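Notes follow once the structure below has been shown.
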Amino acid sequence: SKKMILDLDTGVDDALAIAYALASPEVELIGITGTYGNVLMDQGTRNSLAITDILGHPEVPVFRGVDHSSTSEPGSFEVLEISKFIHGENGIGDVEIPDSPRVVEQQDAVDFIIEAAHTYGEDLIYVPTGPDTNIAAALKKDPQIAHLIGSIVIMGGALTVPGNVNAWTEANISQDPEAADYLFRSGANVTMVGLDVTLQTLLTYADTAKWRALGTKAAKFYADMTDFYIKAYETTSPHLGGCGLHDPLAVAVAVDPSLVTLLDINMKVDVDGPTRGRTIGDEQRITDRTKTMKVAVAVDVDRFVGELMDRIGAL
Ligand code: BDR
Ligand code: CA
């Protein structure tokens, strides 16, 4: 089977992404690397350890990643108030679950990614659902891996719709536009799963009630945590009628790309213009025959939400 690495700023939808990956027989989750965003990197790795435990998968190793953007100082990152509002102070909807007795690995995320790229090559799928800081650092350290890793499927960006931080940028890209731009231009096989599709895929209280009814500790945790997130969306995006399934959609596309319609396009990120953080077609590479990126522009909503309910419900 394919090997998957998740790179997470473990908030609510990142936690849904973990469950989706673990519930997908098509892939083996070989590790979770930590990034910052919804929470501090250390809180994210703590959440990832606790969540893999509660899902009965303590074999999944968790690695510490870079804790700050590629243009800032170590330790300088501060969680935004809006992130706390959407994901809770602890990132998982302020639901209390026991800390894992396990600890993070000795090896750091960047070295783990490089090693996995050399070990698994084409069979490796790397899925960042936070800022792209770790993969950019790995690509800088070992540029070869751009052509080794089978596919990189990111949650981030917005091509055809406005951003969610402001009119032009999406949260993950906005945290480290330079890192995303580096990844987009690296020549790696990158698929962008952005707000164009993730804001079409929603979950409601009726869905989480089905998990709660399963009666297991994990299902109750997922229901309570996701309800916090749905409630936040009622305030921030009342027109949607549910919460955006950003990160689990990226995992689902990594597992089965036929869930979305993909546009072949070479992308870049605005790093120094007035729309810093905007993901847009790269005019310098518009005539290139080789397109290194794909952007999801449409999604089979019913099939994806059905898969998510079935897979997470079966855990
Ligand atoms: C993305 O930002 C984070 O808050 C979410 O976890 C998701 O990865 C959505 O813009
Ligand atoms: Ca995320």
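The numbers here are math on the coordinates, done by the rules we state, and not lab data. Since this is a predicted model, take the numbers as computed values, not measurements. Don't worry about glycine lacking a Cβ; one is built from the backbone with ideal geometry, like all the others, and counts go over all protein chains shown.
Taking amide H as placed 1.01 Å from N in the peptide plane, the amide H of T33 sits under 5 Å from that of L6, D7, L8, F63, each at least 5 places away or on another chain.
Comparing mean-square fluctuations of Q284, Q107, Q144 from a GNM of the chain with C-alpha springs under 10 Å, the top value falls on Q284.
Our note on the geometry: Cα centres of the stretch 194-210 and the stretch 214-255, 6 Å apart. So what is the relative contact order for the chain, in percent, with contacts set as C-alpha pairs under 8 Å and at least six apart? Normalised by residue count, the contact order of the chain is 20 percent. When the chain is treated as a Gaussian network with alpha carbon springs shorter than 10 Å, the biggest mean-square fluctuation among R212, R289, R64 belongs to R289.
Label sites at S237 and D42, each approximated as a point 7 angstrom past Cα along Cα to Cβ, lie 3.2 nm apart. As a proxy for reagent exposure, F221, F184 were ordered by neighbouring Cβ count within 10 angstrom, fewest first; the result is F221, F184. Each label point was placed 7 Å from the Cα along the Cα-to-Cβ direction; for A209 and R303 their separation is 2.9 nm.
What's the local net charge at S48, with K and R +1, D and E -1, over the other residues with C-beta under 12 Å away? All intermediate terms of the calculation are to be shown ahead of the outcome.
Details: positive: R46, R64, R102; negative: D7, D9, D14, D42, D53, D99, E105.
Residues near S48 contribute -4 overall.
Can you compute the label reach from H118? Point 7 Å from Cα along the Cβ direction, backbone N cut-off under 20 Å, restricted to the stretch 129-161. It comes to 134-151, nothing else.
Roughly how big is the stretch 238-300's charge dipole about its Cα centre, with Cβ charges of +1 (Lys, Arg) and -1 (Asp, Glu), in debye to the nearest 20? If you can, show how the numbers build up before the last one.
Values: 7 positive and 9 negative charges, 27 e Å.
In total the dipole reaches around 140 debye.
Among I230, I82, I265, the largest mean-square fluctuation in a Gaussian network model of the chain (Cα springs under 10 Å) belongs to I82.
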